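Each value in this text was obtained by applying a stated rule to the coordinates, not by laboratory testing. Worth saying up front: this structure is predicted, and the values here are computed from it rather than measured. Here the Cβ is made from the backbone with ideal geometry for all residues, glycine too, and neighbour counts use every protein chain on show.
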Amino acid sequence: MRQSLIQVYAAYAAIASLLSVSGASAQEQSGPQADQIPFVKVVTAEPAADFRNRSFFGRVRARETVDLSFQVDGALEVLDAIEGDRVTRGRVLAQLDQEPFKRAVERAEVTLRQANRNFERASALMPTSAGSRVRLEDAETNRDLAAVALREARDDLEDATILAPFDGLVAERLIANFSNIEPGQPIIRLHDMSEIRVELELPERLLAQVGDPSKVRFATQLPDRDNAVDLRFVEFHAQTDRIGQSYTITLAFPDTDSAFLVPGASVAVAASVPAASAGFVLPASAILSGPSRDASVLVLEQSEEALAILRRKPVEVHSKTGTRFLVTGLSQGAEVVAVGGHLLREGQMVRRYSNLVVEER
């Protein structure tokens, strides 16, 4: 009985040995073939974007900046303008001493009343006196001159006060209070904030490619905004800078109440320039050069669900900047080997590399 059990165990051991040898042999035959199929990183040929993005440095400015002044002379009595303060249209910003101008108006009114009496007297005496016609004409002239003098006195009284001509921002006080003022002397510098604008320098070369700057899409990102703010093209200075050969472009913000938008603030403006070239954008590492300097790429043709066969595809390459390559001769959606194509050959079977994924447990 014991001898029969030993024989059974020996038979099981022999079978196990044969199975292990056959399994190892099969692994030796299939394992190296699977390991020889390389992984490749692929990129999909997609149409070139309709716009190319460029960034520029811009500076915020007001729609207009004006220096307010008096048209008459006098002693400055009121200066109600704090630098950086926002003012509304019609607010009193500065005022000269009013008493001299009020007295001038009173004198002009008295003179006009006297001229009216003289004119009425001359009109009554004209039928009884031979020289009444001349006196009447002189009285009429004096009356008209007195009326003009009264209007001038009233205008001087009105000009002795500076009112805010628009809703604006006080940029600077140009003179101290209680100073003697001359006509036309700047008193306050005021920004017109009814439309906030941005100025930037657009290179001559880029403007030549675009042609019409209104076709360029401009946008900027403000610190207190989550989304980018689109800018509207207003005008451009049709004369280049002598050194940089660039044009000054003026843009406008939409209606916004951002506290950041004050004249002089710097902003980064993104310009989306229309792209005139057609083709597919590929990285430089995907383009292969042949012995005769002809360009080609390796395209993946589906063989199995996880495997593909490489085919060499001749293409034409165009680049205006030297960093962005446009390729023609491919079909949209074609899978191209993105890097390492010089180490591969046509007809070789490859597997797609889709990055490493690490799962935490």
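Protection proxy ranking of 343-351, 74-82, by the mean of other Cβ atoms within 10 Å over each peptide's residues and highest first, is 74-82, 343-351.
Close amide H pairs (under 5 Å, H built 1.01 Å from N) link E235 with T250, residues at least 5 positions away or on another chain. Backbone N atoms of segment 174-193 closer than 12 Å to the 7 Å Cα→Cβ label point of D97 belong to residues 178-181. The residue among T256, V269, Q209 whose Cα reaches farthest toward the positive pole of the charge dipole of segment 195-288, with charges on the beta-carbon of Lys, Arg, Asp and Glu, is Q209. Full extension of the segment from D294 to R205, taken as 0.36 nm per residue of separation minus the current Cα-Cα distance, would add 29.0 nm.
Rounded to 0.05, the FRET efficiency of the N227 and E301 pair, given R0 = 45 Å and the Cβ-Cβ distance, is 0.55. Distances between placed amide hydrogens fall under 5 Å for I188 paired with L68, L174, all partners being 5 or more residues away or on another chain. For V267, the residues 5 or more places off, or on other chains, whose built amide H falls under 5 Å of its own are G58, R59, V60. Placing unit charges on the Cβ atoms only, positive for Lys and Arg and negative for Asp and Glu, gives segment 99-159 a dipole magnitude near 420 debye about its Cα centre. Peptides 189-200, 325-336, 117-128 ordered by packing proxy, namely the average of other Cβ atoms within 10 Å per residue, highest first: 189-200, 325-336, 117-128.
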